[in-house]
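Please read the structure below before turning to the comments.
The values are calculated or read from the model by the stated rules, or taken from the named source; none is laboratory data. Computed from a predicted model, the values in this text were never measured in an experiment. As a convention, Cβ positions derive from the backbone with ideal geometry for all residues, glycine included, and neighbour counts pool all protein chains shown. All accessible areas refer to the heavy atoms of the entire protein, side chains included, with ligands and DNA or RNA removed. Shrake-Rupley method; radii C 1.70, N 1.55, O 1.52, S 1.80 Å.
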Amino acid sequence: RKIRLVEVRSELAAGTRGASMGIDAMRIASIKRRSNFFMRFEPVSVQDENKLLFGDPQFKWAKYGEGVYTMLNRVCDTVEGLRKEKLFPIVLAGDHSTAAGTICGIKKADPGLRLGVIWIDAHGDFHSPYTSPTGNMHGMPLAMVTATDNAENEANDVEEETEALWEKIKQIGGNGPKINPDDIVYVGVRDTEAQEDYLIEKFGIRNFKTAEVNEKGVAKIAEEALEILKDCDQIYISFDVDSLDTSVSTGTGTPVPNGLSKEQAFELNRTLIKDKRVCCWEIVEVNPTLDTENKMAEHAFDILEATTESLIENF
Ligand code: ARG
Ligand code: MN
Ligand code: MN
Ligand code: MN
């Protein structure tokens, strides 16, 4: 297996500006660490649509939705191409919405694949335009790929154009849902809205919260998470840096207290990626404009590099 870095400098779907700079902040962190990480792998860069941020968000409950749609398609096609060449994508992205594009790309390369997802995050990211409290689409990637939005759960009065856009998004990378909702495992999720709780409950999605990680230790959590996904052919790991405790996540748009320690995130990712079924790993939501002295990007880079080392050691 060969690794390819994918850089997605998009921040259209975040509520706070600056996440598109997270990748370059990690590059700067690598220089400070005197690491040649960014020289070792051929990076593929996905063109962004951030120019749209100078204009109107257009859809109240799916802000910059057309631009997000464009980005999801680009990420999908890029990841599909890499997976077809049997390369291992390590995706560095801005806002978390484009993770839906990553998942669609993995599936488009191999539509029959049963894909499990380990979602390490403070948030459920399970909203749709019908339920989102903000209209920020980085809170929606898991609904995009599971098509779990439904009438029972509505909170927002969604316009027809938004509905049409949402239907279009769910078709990226092929018709219908890309993953089963119960093939998702959450780690660190601690800030959800009622409509997300409803879906988590309905589909019985397992969430390993910080307290449980503290109690059982990372090794056991990783083992249990992988056991839940035992029937999946491959696994995608999505690491949102706001899963980390606010003492570490000093530069991210939606920080939440009581998160994972840096050591826990470090060990968790290093352990999970040893499973031979893991086919893609992603890190998102580093926002250096909210930080001081690039601390968040340095922590994120340390985790990125260590996780990649662990992957290589176990190839
Ligand atoms: N649930 C909140 C929302 O929908 C926060 C989502 C944060 N997501 C993220 N990827 N940081 O606005
Ligand atoms: Mn997220
Ligand atoms: Mn988050
Ligand atoms: Mn299951």
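Under 1.5 on a/c is rounded, so check that first for the chain, then, if it is not, pick prolate when a/b is larger than b/c and oblate when it is not; a ≥ b ≥ c are the square roots of the alpha carbon gyration tensor eigenvalues.
Working: a/c = 1.28, a/b = 1.19, b/c = 1.08.
Rounded shape, in that the Cα axes give a/c under 1.5.
Taking 8 Å as the Cα distance limit and 6 or more residues as the minimum spacing, I'd like the relative contact order of region 142-247 as a percentage. Walk me through the intermediate numbers first.
On the way: 62 pairs, mean separation 27.2, N = 106.
With pairs under 8 Å counted, the relative contact order is 26 percent.
Please build a GNM for the chain, connecting alpha carbons under 10 Å apart, and tell me which residue among Val117, Val286, Val256 fluctuates the most.
Result: Val256 has the largest fluctuation of those listed.
Mind ranking 20-28, 80-88 by how tightly packed they are, going by the mean number of other C-beta atoms within 10 angstrom, highest first?
Values: 20-28: 21.6, 80-88: 17.1.
Ranking, from highest mean packing down: 20-28, 80-88.
How many angstrom separate the Cα center of region 196-245 from the Cα center of region 79-125?
Here the answer is 17 Å between Cα centres.
If you count only protein heavy atoms with a 1.4 Å probe, what accessible area per residue comes out for region 12-93, rounded to a whole Å²? The partial results should precede the final answer.
Details: 4040 Å² over 82 residues.
Heavy-atom accessible area per residue stands at 49 Å².
Enumerate the aspartates and glutamates that Lys295 could reach by cross-link, defined here as Cα to Cα under 18 Å, with residues fewer than 8 away along the same chain left out.
Qualifying aspartates and glutamates at Cα under 18 Å: Asp24, Asp240, Asp242, Asp245, Glu263, Glu285, Glu305.
With every protein chain left in place, what is the accessible area per residue of region 132-199 in square angstrom, probe 1.4 Å? Walk me through the numbers on the way to the answer.
Details: 2690 Å² over 68 residues.
Spelled out: the 1.4 Å probe surface of region 132-199, per residue, equals 40 Å².
Leaving ligands, DNA and RNA out of it, rank Lys178, Lys230 by accessible area with a 1.4 Å probe, largest first.
So, going from the largest accessible area down, we get Lys230, Lys178.
Count of lysine pairs in region 153-267 with Cα atoms under 22 Å apart, counting only pairs 8 or more residues apart in sequence or on different chains?
Lysine pairs satisfying the spacing and distance rule in region 153-267 number 13.
For Cα pairs less than 8 Å apart in space and 6+ apart in sequence, what is the mean separation divided by the residue count of the chain, i.e. the relative contact order in percent?
Working: 667 pairs, mean separation 70.5, N = 315.
Result for the chain is 22 percent.
Suppose every K and R has +1 on its Cβ and every D and E has -1 on its Cβ; what is the size of the dipole of the chain about the Cα centre, in Debye to the nearest 20? Can you show the working numbers first?
On the way: 36 positive and 53 negative charges, 288 e Å.
Once rounded to the nearest 20, the dipole reads 1380 debye.
Pick out, from Val158, Val145, Leu82, the residue whose Cα sits farthest towards the positive end of the charge dipole of region 80-171, with +1 on the Cβ of Lys and Arg and -1 on the Cβ of Asp and Glu.
Leu82
Springs between alpha-carbon pairs under 10 angstrom, Gaussian network model over the chain: which of Phe54, Phe126, Phe38 fluctuates most?
Maximum among the listed residues: Phe54.
What net charge do the residues around Tyr64 carry, taking every other residue with its C-beta under 11 Å from that of Tyr64, with Lys and Arg at +1 and Asp and Glu at -1?
-3
Using unit Cβ charges (K, R positive; D, E negative) and no other charged atoms, how large, in debye to the nearest 20, is the dipole of region 66-128 about its Cα centre? Mind showing how you got there, number by number?
On the way: 7 positive and 8 negative charges, 67 e Å.
Once rounded to the nearest 20, the dipole reads 320 debye.
Based on the Cβ-Cβ distance of Glu152 and Leu113, what FRET efficiency does E = 1/(1 + (r/R0)^6) give at R0 = 41 Å, to the nearest 0.05?
On the way: r = 30 Å, r/R0 = 0.72.
The formula returns an efficiency of 0.85 here.
Could you sort Asp157, Asp242, Asp149 by their accessible area in this structure, using a 1.4 Å probe and putting the largest first? All intermediate terms of the calculation are to be shown ahead of the outcome.
Values: Asp157 135, Asp242 0, Asp149 40 Å².
Accessible-area ranking of Asp157, Asp242, Asp149, largest first: Asp157, Asp149, Asp242.
Name the residue, out of Gly94, Gly124, Gly15, whose mean-square fluctuation peaks in a Gaussian network model built on the chain with Cα pairs under 10 Å.
Gly15
Does region 15-80 come out rounded, prolate or oblate by the C-alpha gyration tensor, with a ≥ b ≥ c the root eigenvalues, rounded set by a/c under 1.5 and, if not, prolate when a/b is larger than b/c and oblate if not?
Numbers: a/c = 3.73, a/b = 1.77, b/c = 2.11.
Verdict is oblate for region 15-80.
Among Ile106, His96, Tyr64, flag the residue with its Cα farthest along the positive direction of the charge dipole of region 63-107, charges on Cβ as +1 for Lys/Arg and -1 for Asp/Glu.
Toward the positive end, the furthest listed residue is Ile106.
How much of the accessible area of the chain, probe 1.4 Å, is carbon plus sulfur, in whole percent?
Values: 6010 of 12230 Å².
Percent of accessible area from carbon and sulfur atoms in the chain: 49.
Once the whole set of protein chains is in place, how much accessible area is left on Ile228, using a 1.4 Å probe, in Å² to the nearest 10?
Surface open to solvent at Ile228 totals about 70 Å².
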